[in-house]
Structures are given as C-alpha cells and as structure tokens.
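*Asks:* One structure follows; several queries about it will come next.
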Amino acid sequence: MNHTEQQIRAGAGDALAKAFEMIATPAIFGVGGWLVDNRLGTFPLVTVAVVFLVFGYQVWSFARAYSVSMDEALDSRRAGYGGPGPEAGGQP
C-alpha cells in the first residue's frame, strides 16, 4: 500500500469517526434529556433543547477544527515556497 492509499484510508476513517460522533453524542445527551423530561413531566422541552445545544456545539467545533487545519495547510504550503505570504509583506 502506497502513501496515497494510506492517506485516503486514514481520511475515510476520520470521516466515519466524525459522522458517528455527530450522531451518537446528541443521541446520548437526548436520552439524558428524555430522562430529565420524564422526571419533571416536561417531555419534549429539555430533550429538544439539549439535542440542539449539543448538535450546535459539535457543528461549531468541527468548523473550528477544519478552519485550523486549513490554516496549517496554507502555512505549510507557504513555507514550501520559501517565503512569507502577502500579509507578511512578501511577494505572493
């Protein structure tokens, strides 16, 4: 197996892990919200609030991680070209 195939397999594994996390985490917290709702008698209120809150946090977290990884990739490419980028006053 060459390097490119290893990268593809690693990327697919990471994507599957993120997808599972995106589904499983709100579901687990939703069950907790459901238990709280049953105890308080406010059925959909806490469940829906917790699921949306957790899902929103995950979207924000994934977007932030993606942005950081893209910034690192850009810095790596700029370093490969041997000079600073335009924002540092160098030539593009």
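*Asks:* Starting from residues that are of a type in the set (A, V, I, L, M), in contact with a helix residue (DSSP H, G or I) (Cβ under 9 Å, 6 or more places away or on another chain) and in a helix (DSSP H, G or I), keep the ones in the range 1-34 and report whichever is surrounded by the most Cβ atoms within 10 Å (Cβ to Cβ). Walk me through how you get there before you give the answer.
*Replies:* Step one: of the range 1-34, the residues of a type in the set (A, V, I, L, M) are 1, 8, 10, 12, 15-17, 19, 22-24, 27-28, 31.
Imposing the further condition that a residue be in contact with a helix residue (DSSP H, G or I) (Cβ under 9 Å, 6 or more places away or on another chain) reduces the set to 1, 22, 27-28, 31.
With the extra rule that they be in a helix (DSSP H, G or I), the set shrinks to 22, 27-28, 31.
On the way: M22: 15, A27: 12, I28: 12, V31: 13.
Among residues in the range 1-34 that are of a type in the set (A, V, I, L, M), in contact with a helix residue (DSSP H, G or I) (Cβ under 9 Å, 6 or more places away or on another chain) and in a helix (DSSP H, G or I), the one surrounded by the most Cβ atoms within 10 Å (Cβ to Cβ) is M22.
*Asks:* Checking G41 against (1) surrounded by fewer than 14 Cβ atoms within 10 Å (Cβ to Cβ); (2) touching a Pro at 6+ places or on another chain (Cβ under 6 Å), which single condition isn't satisfied?
*Replies:* Against the list (1) surrounded by fewer than 14 Cβ atoms within 10 Å (Cβ to Cβ); (2) touching a Pro at 6+ places or on another chain (Cβ under 6 Å), G41 comes up short only on (2).
Bear in mind these aren't lab numbers, they're just calculated from the coordinates by the rules spelled out. Just so you know, these numbers come straight off a predicted model, no measurement behind them. Counting neighbours? That spans all protein chains shown, and the Cβs are built from the backbone with ideal geometry, glycine included.
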